[in-house]
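Colleague: Please see the structure below; I have some questions.
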Amino acid sequence: MIYKIPSHQPGFARVVFELPSCVWADRICVVGTFNAWDESRSPMAQDRDGVWRAIVELPTGRTYEFRYVIDGRWQTDY
């Protein structure tokens, strides 16, 4: 699931990336045009509810491409 929440910074939105708790992995990150496809810049963390989450603050009014990297394997979110 992906959703936006308001940002404190004008012209930006906080984009929340979530993967369900049933995804078994040691490391997940979200990569995309917003972070130069760099696996180290937007790691996802597993919260107490088991859901994997990453929050990325992005400028509004643009289009972004992204993928998940799950234990080194690139996955597309359709």
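The values are calculated or read from the model by the stated rules, or taken from the named source; none is laboratory data. None of the values given here were measured: they were computed from a predicted structure. No Cβ is skipped: glycine too gets one built from the backbone with ideal geometry, and neighbour counts run over all protein chains shown. In case anyone asks, the SASA skips ligands and DNA or RNA and just uses the protein heavy atoms, side chains included. Shrake-Rupley method; radii C 1.70, N 1.55, O 1.52, S 1.80 Å.
Colleague: Go through region 65-76 and give me each residue that's in a loop (DSSP other than H, G, I, E, B) and open to solvent by less than 70 Å² (accessible area, probe 1.4 Å).
Modeller: Narrowing region 65-76 to residues in a loop (DSSP other than H, G, I, E, B): 65, 71-72, 76.
Residues satisfying the conditions are 72, 76.
Colleague: For residues in region 1-42 being over 18 Å from residue 75 (Cβ atoms) and among the polar types (S, T, N, Q), which is surrounded by the fewest Cβ atoms within 10 Å (Cβ to Cβ)?
Modeller: Filtering region 1-42 for residues that are over 18 Å from residue 75 (Cβ atoms) and among the polar types (S, T, N, Q), the one surrounded by the fewest Cβ atoms within 10 Å (Cβ to Cβ) comes out as 9.
Colleague: Now for a separate question. So for region 43-64 (the condition being part of a strand (DSSP E or B) and open to solvent by 90 Å² or more (accessible area, probe 1.4 Å)), does at least one residue qualify? Let's see the steps before the verdict.
Modeller: Residues of region 43-64 part of a strand (DSSP E or B): 43, 45-46, 52-59.
Then keep just the ones that are open to solvent by 90 Å² or more (accessible area, probe 1.4 Å); that gives 46, 55.
Yes.
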